[in-house]
Amino acid sequence: MMTNPVKEKLRSGQLVFGAWITTPNPTAVEIMALAGFDFLVIDAEHGAINVESVQMMLQAMSATETAPLVRLPGSQRAYATKILDAGPCGVIVPMVNSRDEAIAAVQVARYPPEGTRGIGLGRAHRFDPAIRDEYLKTANASMLVGIQIEHRDAVDRVEEIVTVPGIDLVLLGLADLSGSLGHAGDPEHSEVRIAVEKVVNTTRKAGVALGIPVGGAGDIVARVEQGFQFFHLGADMFYLGQACKNRLREARQAVETTSTVHQIGRGH
């Protein structure tokens, strides 16, 4: 019986913490997975990540305890099937704005009779027809299906979206949501806050787990109190860029301090 630790934790009300992978680099993925995140989301919606690189990054994570998820480019069946055959624990479908789109997101991730996922043979089945038969018995139950609410149209239809059977996670996309409401770059605007509150209340009433990107410790605590469980802590390119900037700043500050001391010494 396959298990999905992130899905199980969300169902039991626990918190999970993870990050986004936006560059097709298996070594970077392995390093991040070994850091101890509960999950990593390989982002096939944005950037230069294709199906082949998704599979290589999943392979890089396979010896770790971090659960691999993939954000799909959309709910297109053909592309989603290729990614699912590579063996992630779950998928996140972006920009779901209607009940029909939510139904499509669930169906693309599940085998018949619950969905329309094609029955192929790949890494998910260990490339073995006999193992595939066992995989088919548990894949639907273990696969995490997340959808993103990130547009004003989705907020207007949130009740009909989050009550679609089979949705395990609703992930708020604050950047796109803010933009669709006319407040790009301002997720703290009152209109955005009202929209978020509506999504939170409706999703919690439906018994579906909530996810959101977060900043510092104060933001995380506030979101936990609000009812969120699934936390996006940042992306690989952010971590790399920020670490480089911090290290360079430290080096320059150290040199500046040393230079000042030497100048004072020479003056005496």
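The values are calculated or read from the model by the stated rules, or taken from the named source; none is laboratory data. All values reported here derive from a predicted model rather than from experimental measurement. Cβ coordinates were reconstructed from backbone atoms using ideal geometry, including for glycine residues, and neighbour counts include every protein chain displayed. The area values use the complete protein model at the heavy-atom level, side chains included, leaving out ligands, DNA and RNA. Shrake-Rupley method; radii C 1.70, N 1.55, O 1.52, S 1.80 Å.
Observations on the model:
- Set Val155, Val106: member being β-branched (Val, Ile, Thr), in contact with a Pro (Cβ under 8 Å, 6 or more places away or on another chain), in a helix (DSSP H, G or I) and closer than 30 Å to Val196 by Cα: Val106
Condition check ((1) within 28 Å of Glu159 (Cα to Cα); (2) out of contact with any Pro (no Cβ under 6 Å at 6 or more places or on another chain)) across all residues:
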{"site": "Lys9", "(1), (2)": "yes, yes"}
{"site": "Ser12", "(1), (2)": "yes, yes"}
{"site": "Asn25", "(1), (2)": "no, yes"}
{"site": "Ala33", "(1), (2)": "no, yes"}
{"site": "Gly47", "(1), (2)": "no, yes"}
{"site": "Met56", "(1), (2)": "no, no"}
{"site": "Ile83", "(1), (2)": "no, yes"}
{"site": "Gly90", "(1), (2)": "yes, yes"}
{"site": "Ala102", "(1), (2)": "yes, yes"}
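- Some residue of the range 178-195 being surrounded by 12 or more Cβ atoms within 10 Å (Cβ to Cβ), in contact with a strand residue (DSSP E or B) (Cβ under 8 Å, 6 or more places away or on another chain), at pLDDT 95 or above and not hydroxyl-bearing (Ser, Thr, Tyr): no
- Flag for Thr116 being without any contact (Cβ under 8 Å) to a residue 40 or more places away in the chain, among the β-branched types (Val, Ile, Thr) and under 25 Å from Ala243 (Cα atoms): no
- Filter pass, Leu172 being within 16 Å of the chain's Cα centre (by Cα) and open to solvent by less than 30 Å² (accessible area, probe 1.4 Å): yes
- For the range 84-103, the tally of residues that are open to solvent by less than 60 Å² (accessible area, probe 1.4 Å), part of a loop (DSSP other than H, G, I, E, B) and in contact with a strand residue (DSSP E or B) (Cβ under 7 Å, 6 or more places away or on another chain) stands at 4.
- Unmet criterion (only one of (1) out of contact with any Gly (no Cβ under 7 Å at 6 or more places or on another chain); (2) among the small types (Gly, Ala, Ser); (3) surrounded by 22 or more Cβ atoms within 10 Å (Cβ to Cβ)) for Ala109: (1)
- Complete set of residues in the range 117-135 that are open to solvent by 60 Å² or more (accessible area, probe 1.4 Å) and either in contact with a Gly (Cβ under 6 Å, 6 or more places away or on another chain) or assigned to a loop (DSSP other than H, G, I, E, B) (or both): Ile119, Leu121, Arg126, Phe127
- Exclusive hit being within 26 Å of Ile220 (Cβ to Cβ), out of contact with any strand residue (DSSP E or B) (no Cβ under 8 Å at 6 or more places or on another chain), open to solvent by 10 Å² or more (accessible area, probe 1.4 Å) and free of Cβ contacts under 8 Å to residues at least 24 places away in the same chain, set Glu8, Glu30, Glu52: Glu8
- Taking the range 198-236 as the range and being free of Cβ contacts under 8 Å to residues at least 24 places away in the same chain and open to solvent by 60 Å² or more (accessible area, probe 1.4 Å) as the test, the residues that pass are Asn201, Arg204, Lys205, Gly207, Ala217, Val221, Glu225.
- In this entry, Ile49 is excluded by the filter for residues that are of a type in the set (Val, Ile, Thr) and within 14 Å of the chain's Cα centre (by Cα).
- Hits in the range 34-65 - residues which are within 18 Å of Gly234 (Cβ to Cβ) and assigned to a helix (DSSP H, G or I): Leu34, Met57, Met61
- Selected residue [part of a strand (DSSP E or B), farther than 19 Å from Thr3 by Cβ and either modelled with pLDDT of 95 or more or β-branched (Val, Ile, Thr) (or both)] from Val170, Val200: Val170
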